[in-house]
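Before any comments, here is the structure.
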Amino acid sequence: MPAMKEAAATFGRAQGIEVQVEAGPLPAWKDKATKDADIIVSGFEVMMSDFIEALPDIDPSTVQPLYLRASAILVRPGNPKTIGGVKALLEPGHRILVVNGAGQQGLWEDVASRLGRIADVKAFRSNITKVAKNSADARKAWVEDSSLDAWLIWTIWQVANPTLADVVEVEPDLRIYRDKGIALTKRGQMRPEAKRLVEFLASAEGQRIFVKWGWMPA
């Protein structure tokens, strides 16, 4: 969410308005969004579909994918286990942290099964030590449990937490991408400033901010 918060603040200063950004699991902000949200932002397409089902005020025709992020492996600073990629994590003895939810539902399986080999899925699963519900819980586990030596997540998390981990790229043939999407609510469609914010997020300046935080350019 750092990119979205910076983009919203930059837009707000330029427009002379305050843009409030609410984040976290859907139950934490669903009631507030139902009452007064103008824009809904998702972490991947399944999430956007879930939001559309949970929040009837979203207009599906306004959904716009904006930027992609790539899967990556976070390792301890200096990469003491010399992990070179996902294929290295298939070897016995690694202790892997994954997230199942919050934009990463099914991510580890998508990565591990890319080559169509069930043996790879079995090997990766056997090394999973911790399954977190969301990225915040995963970060907490990474800080508290130093025995975890690899964390499968998105590149953007290392950019936001550079002192906690180094990043190892996932091999191109195993790499997964998911998008940042945005949609207007019926209320947002009636507000010119909401539409201008959507335009800003897709603009060159908006792209500059997202790329700074590890997202891929449009």
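The values are calculated or read from the model by the stated rules, or taken from the named source; none is laboratory data. It should be emphasised that the depicted structure is a prediction, and the values quoted were computed from it without experimental measurement. Note that each Cβ is placed from the backbone with ideal geometry, even for glycine, and that neighbours are counted across all protein chains shown. We work out accessible area using only protein heavy atoms, side chains counted, and drop any ligands, DNA or RNA first. Shrake-Rupley method; radii C 1.70, N 1.55, O 1.52, S 1.80 Å.
Taking into account only those residues within region 159-188 that are touching a Ser or Thr at 6+ places or on another chain (Cβ under 7 Å) and farther than 30 Å from Leu115 by Cα, which is surrounded by the most Cβ atoms within 10 Å (Cβ to Cβ)? Before the answer, list the steps.
First, the residues of region 159-188 that are touching a Ser or Thr at 6+ places or on another chain (Cβ under 7 Å): 167, 170, 175-176, 181, 183-184.
Still in the running and farther than 30 Å from Leu115 by Cα: 183-184.
Numbers: Ala183: 22, Leu184: 24.
Once the filter is applied, the top-ranked residue is Leu184.
Filter region 138-158 down to residues that are among the polar types (S, T, N, Q) and more than 17 Å from Gly85 (Cβ to Cβ) and give me whichever is surrounded by the most Cβ atoms within 10 Å (Cβ to Cβ). Across region 138-158, the extreme among qualifying residues is Ser146. The set of residues in region 113-137 being open to solvent by 40 Å² or more (accessible area, probe 1.4 Å), of a type in the set (Val, Ile, Thr) and not in a helix (DSSP H, G or I) consists of Thr129, Val131. Whether any residue in region 138-152 is of a type in the set (Phe, Trp, Tyr), in a strand (DSSP E or B) and out of contact with any His (no Cβ under 9 Å at 6 or more places or on another chain) is what I want to check. Yes, region 138-152 contains at least one residue that is of a type in the set (Phe, Trp, Tyr), in a strand (DSSP E or B) and out of contact with any His (no Cβ under 9 Å at 6 or more places or on another chain). In region 83-100, the residues that are on the phi < 0 side of the Ramachandran plot and in a loop (DSSP other than H, G, I, E, B) form Cβ pairs under 8 Å with partners that are open to solvent by 40 Å² or more (accessible area, probe 1.4 Å) and among the polar types (S, T, N, Q), at six or more places apart or across chains, as follows: Pro92/Ser126; Arg95/Thr129; Arg95/Ser147.
Tell me which residues, restricted to region 132-164, are within 11 Å of Gln104 (Cα to Cα) and either without any contact (Cβ under 8 Å) to a residue 12 or more places away in the chain or touching a strand residue (DSSP E or B) at 6+ places or on another chain (Cβ under 7 Å) (or both). I'd like the intermediate steps shown before the answer.
Kept after step one, since they are within 11 Å of Gln104 (Cα to Cα), are these residues of region 132-164: 132-135, 152-154.
Result: Ala132, Asn134, Ser135, Leu152, Ile153, Trp154.
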